[in-house]
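K.L.:
Here it is, the structure in full.
The values are calculated or read from the model by the stated rules, or taken from the named source; none is laboratory data. Computed from a prediction, not measured in an experiment: that's the story for all the values here. Cβ atoms come from the backbone with ideal geometry, glycine included; neighbour counts cover every protein chain shown. Note: accessible area is taken over every heavy atom of the protein model, side chains too, but ligands, DNA and RNA are not part of it. Shrake-Rupley method; radii C 1.70, N 1.55, O 1.52, S 1.80 Å.
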2 protein chains.
Amino acid sequence: MPVGLLLVLMGAALPGAKANEPGALRRAVRAHVRKEGPAILREFAALLSIPNVASDGPNIQKNADLIVERLAARGVKARLLNGEGGPPVVYGELRREGARRTLGVYAHYDGQPVDPREWAGEPFRPVLRDRPLEEGGREVDLSALPGPPGGEWRLYGRGSGDDKAPIVGFWAALDALAAAGIPSSVNVKFLFEGEEEAGSPHLRAVLERNRELLAADGWILCDGPVHQTRRMQVFFGARGVTDVELTVYGPLRPLHSGHYGNWAVNPALSLAHLLAGLKDPGGRIRIAGFYDDVRPRTEAETRALAELPDVDAALRHELALAETEGQGAPLAERVMLPALNVRGIQSGHVGARTANAIPSEATASLDFRLVPDQTPARVRELFEAHLRAAGFAVVSDAPNLETRRTQARLVRVQWGSGYPSYRTSLDQPFSRAVVGAVEEGAGGPIVKLPTLGGSIPMYLFPEVLGAPVIGVPIANHDDNQHAANENLRLQNLWDGIEVYATLLARLGELWRE
Amino acid sequence: MPVGLLLVLMGAALPGAKANEPGALRRAVRAHVRKEGPAILREFAALLSIPNVASDGPNIQKNADLIVERLAARGVKARLLNGEGGPPVVYGELRREGARRTLGVYAHYDGQPVDPREWAGEPFRPVLRDRPLEEGGREVDLSALPGPPGGEWRLYGRGSGDDKAPIVGFWAALDALAAAGIPSSVNVKFLFEGEEEAGSPHLRAVLERNRELLAADGWILCDGPVHQTRRMQVFFGARGVTDVELTVYGPLRPLHSGHYGNWAVNPALSLAHLLAGLKDPGGRIRIAGFYDDVRPRTEAETRALAELPDVDAALRHELALAETEGQGAPLAERVMLPALNVRGIQSGHVGARTANAIPSEATASLDFRLVPDQTPARVRELFEAHLRAAGFAVVSDAPNLETRRTQARLVRVQWGSGYPSYRTSLDQPFSRAVVGAVEEGAGGPIVKLPTLGGSIPMYLFPEVLGAPVIGVPIANHDDNQHAANENLRLQNLWDGIEVYATLLARLGELWRE
């Protein structure tokens, strides 16, 4: 253990830096990063070299073991928690003598499955490039870097952005603070999950089993991207999710559309009526009571929305959208509301495979995005009540012949799993402290997003552990998350290290009632 | 040439049978068929042994040559007409000295394409079975039949039902009349087409080029099945057809439904609204003016509809339909009206391939069935006007980026080809004569169908040749038309021969102003 780090852990500040002076703190971290950049990247690459698909047990174990070892090398008391049926969960603890607060830090070390044929290189052989692939980026030899790596360089590999970057970011932040002799201002509990991309099916059980161990005053969730403008952002919530598949029925077998058209009911048309009844073309969901549980916006949220950078016009241009739902209301406002999305529809054939037939079945797949205080259970109830009110007979299993013969307007409804949304107040002390520390770390105002549009099971932290949670991502938005050629833009890593180091050094001071 | 046939052609009646006494005529034909049944089947099998997919030029030519040769052997002046770019058309002429009327007889010798893997045997190696395949029918050796073939036996092979049966039926009818010494009562012009299953793309040109040669007082169209009750039927019309493919647009690429759901327009939902606006759930088409051109039903048609056997309950049971469009109006009434059928819809993914994404496009394929006096051109006009009135911007080509960026509610409309319907009066002399002759041939009342639900380009005969046309099918309805294991039920052939022989012998007498 380096002497500096030992002193940090003991709570002693080195005379060379003043932890509560933001400019000095950032300068110290930046100097460390500039000097150690190549070493940080090589440590990152070593972690990226271990395949990390959640179902790949032996490699998942190797990832977890390496993370424990690297935390321990930095004086973090690290070990593996039982995954309760899932991959092991990395737990690490950093105690600061006399700290009033404990911060929980969540990230995940697993990544999305890969299709190597779609990658320019190999998903688990990390490659550093001097610019993005699309711009002709050339490979730079990691083992012999000619000078400090450029901020626009990219490190390619599965997990580089989602979500190993925060893990490596905290390693470097700890080193930078140690080098500068700056102590952490809070106790820290690290929790690194190994199956987030598989839907975190055992996370609840792990939290429940380790409720006392994981007790903290607040959690930060280090996942997701920074703002599209490349400004640092924090998010105070995420939408919940549930999904459903609907099947409606026509004749038992496809029929000649001439001989039977205008007589046999057409399931594709029935489905169109069903879907059109769910949502008007302007985007308002027509399910009775659907908006009743939607928690009104707070003043702080309205202010935060007003302060968000305007990206709508650029997005509409990029996506070739002449109009949007909700009479042109901005994206950030729209995701404060629930969504009903048609993921897919299928019946009969189109294009070259078209036949003059009345299809036998028609299927639609929907997903809902929920906001506080909606619950998946209540949404299911309202949705099925809507179908019944619209004259449909709702069944959950495939109907037998007798049911099809006797029951008109049958619809089979198959629900997937789901979980509720979460949104914490922007006004509470933890929120103000995190925003303050991240703004110090970023050197200026950040984007405060009341909620992500997407879904993350943030709700588990308050529900099981009784603590608020705030998202503090560092990855670039254009990191090809979940796709081929995932990458991290190096400037995002350098900035992220400054932010995480500042959080550790300053949060305790800023976190007041 | 047999002596009997020669005498028939010369208009002389043999003393042994009285052509205008229906019972005697049927008995004579039946006796011939009973005696010659095995020979008729072997001649049929020889024709079925020649592959007859329209695109198979050399074999199509062999089919046409064999038919000419077999007609000529019966004293018909037969030859090939230039196909005007399509397969040769068989033409045959039978003149009866002193006949007042000329009857045109249309059938087609080509068949639907085959997928041999789906067949129990080979599509072009005809097999006689002692019952249907589904009931365990065993092969019977055609070259050594133990006795008269049973009525419930089936002859399997592509084209057996659709549409070589009428060709063979007329060969046998000519032989039966010759054997009985009964002359034809009308001049006959045979026209056997070789690309009906490919959409008859050159039939109009052939009719136009041979207008004088093909002049006749009325045509019968020998295609399609008899009634589902196995009663003989004639049909006085067919619906027309046209089709269209619709594409609506969302974001340029599929989007994460969490991050963008409730903001980006969803093309699957737009399509659902479009389709729901076309037709109400009860089956009424909502396109303004769509029913304006629909010719009202005549009294004779209403009477004919009332006399039709009721098959609806059995069909609903078989097809597991708890309800039908049009408040339970019978199938035969419903096909007197136009139909709008959704052949297929597709957008995003359903089932195992579902992803939480907003699709980029949604497509629907529709077909219309038209009735008198609708035209495809007018339907296209009304349909596009409907879309515009519903707020859609209609384009015919794939929209470019700029169009997608600036024009909301875009829909690409791609029309297929189409042709109008046809329906002739049940009251006109030709209709009464055909019904009378077929009823004599069938030995009792037949089913008089004002129109088929399906589409056949019957309109060409009146439009190009100025003559009415009536459908006189003989195949069983369960002949697996267009599918694997196509077959003809032998009783349908025996009955068909009686009907066609009676038509030839009696039509001249019955056909009066």
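Residue-by-condition table, conditions (1) open to solvent by 30 Å² or more (accessible area, probe 1.4 Å); (2) more than 20 Å from A:Asn492 (Cβ to Cβ); (3) without any contact (Cβ under 8 Å) to a residue 12 or more places away in the chain:
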| residue | (1), (2), (3) |
| --- | --- |
| A:Ile40 | no, no, no |
| A:Phe44 | no, no, no |
| A:Ile60 | no, yes, no |
| A:Glu93 | yes, yes, no |
| A:Gly104 | no, yes, no |
| A:Ala107 | no, no, no |
| A:Arg131 | yes, no, no |
| A:Glu134 | yes, no, yes |
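K.L.:
Please specify each residue of segment A:136-159 satisfying the condition of being closer than 13 Å to A:Gln491 by Cα and either open to solvent by 30 Å² or more (accessible area, probe 1.4 Å) or in a loop (DSSP other than H, G, I, E, B) (or both).
P.N.:
A:Pro148, A:Pro149, A:Gly150, A:Gly151, A:Glu152, A:Trp153
K.L.:
Here's a follow-up. Of the residues A:Val241, A:Val226, A:Val248, only one is touching a Ser or Thr at 6+ places or on another chain (Cβ under 6 Å) and over 30 Å from B:Gln327 (Cβ atoms); which? Give the steps one after another, and end with the answer.
P.N.:
On the way: A:Val226 fails: touching a Ser or Thr at 6+ places or on another chain (Cβ under 6 Å); A:Val248 fails: over 30 Å from B:Gln327 (Cβ atoms).
So the residue among A:Val241, A:Val226, A:Val248 that is touching a Ser or Thr at 6+ places or on another chain (Cβ under 6 Å) and over 30 Å from B:Gln327 (Cβ atoms) is A:Val241.
K.L.:
Please determine whether any residue of segment A:411-425 is open to solvent by less than 10 Å² (accessible area, probe 1.4 Å), of a type in the set (S, T, N, Q) and at pLDDT 95 or above.
P.N.:
No, that holds for no residue.
K.L.:
Pull up segment B:273-283, narrow it to residues that are free of Cβ contacts under 8 Å to residues at least 12 places away in the same chain and touching a Gly at 6+ places or on another chain (Cβ under 9 Å), then point me to the one that is most open to solvent (accessible area, probe 1.4 Å).
P.N.:
For segment B:273-283, the residue satisfying everything is B:Pro281.
K.L.:
Right, another one. Consider A:Val234 against the criteria (1) within 15 Å of the chain's Cα centre (by Cα); (2) aliphatic (A, V, I, L, M); (3) under 30 Å from B:Pro225 (Cβ atoms): it satisfies all of them except one. Which criterion is unmet?
P.N.:
Looking at each condition in turn, A:Val234 falls short on (3).
K.L.:
Could you give every pair whose Cβ atoms fall below 8 Å, whose first residue belongs to segment A:348-362 and is open to solvent by less than 50 Å² (accessible area, probe 1.4 Å), and whose second residue is of a type in the set (Phe, Trp, Tyr), counting only separations of at least 6 or pairs across chains?
P.N.:
These pairs meet every condition: A:Ile358/A:Tyr260; A:Ser360/A:Tyr249.
K.L.:
I want to confirm something. Restricting to segment A:407-443 and keeping residues that are within 14 Å of another protein chain (Cβ to nearest Cβ) and of a type in the set (A, V, I, L, M, F, W, C), which single residue is farthest from B:Leu319 (Cα to Cα)?
P.N.:
A:Trp415
K.L.:
Residues that are in contact with a helix residue (DSSP H, G or I) (Cβ under 9 Å, 6 or more places away or on another chain), of a type in the set (Lys, Arg), over 30 Å from A:Val311 (Cα atoms) and surrounded by 22 or more Cβ atoms within 10 Å (Cβ to Cβ): does segment B:235-244 have at least one?
P.N.:
The answer is yes, given that some residue of segment B:235-244 is in contact with a helix residue (DSSP H, G or I) (Cβ under 9 Å, 6 or more places away or on another chain), of a type in the set (Lys, Arg), over 30 Å from A:Val311 (Cα atoms) and surrounded by 22 or more Cβ atoms within 10 Å (Cβ to Cβ).
K.L.:
Starting from residues that are open to solvent by less than 10 Å² (accessible area, probe 1.4 Å) and at pLDDT 95 or above, keep the ones in segment B:248-260 and report whichever is nearest to the other protein chains (Cβ to nearest Cβ).
P.N.:
Only one residue fits best here, namely B:Pro251.
K.L.:
To continue, here is another question. Report whether or not A:Arg286 is more than 7 Å from chain B (Cβ to nearest Cβ), closer than 30 Å to A:Pro338 by Cβ, open to solvent by 20 Å² or more (accessible area, probe 1.4 Å) and in contact with a Gly (Cβ under 9 Å, 6 or more places away or on another chain).
P.N.:
Yes: the conditions hold for A:Arg286.
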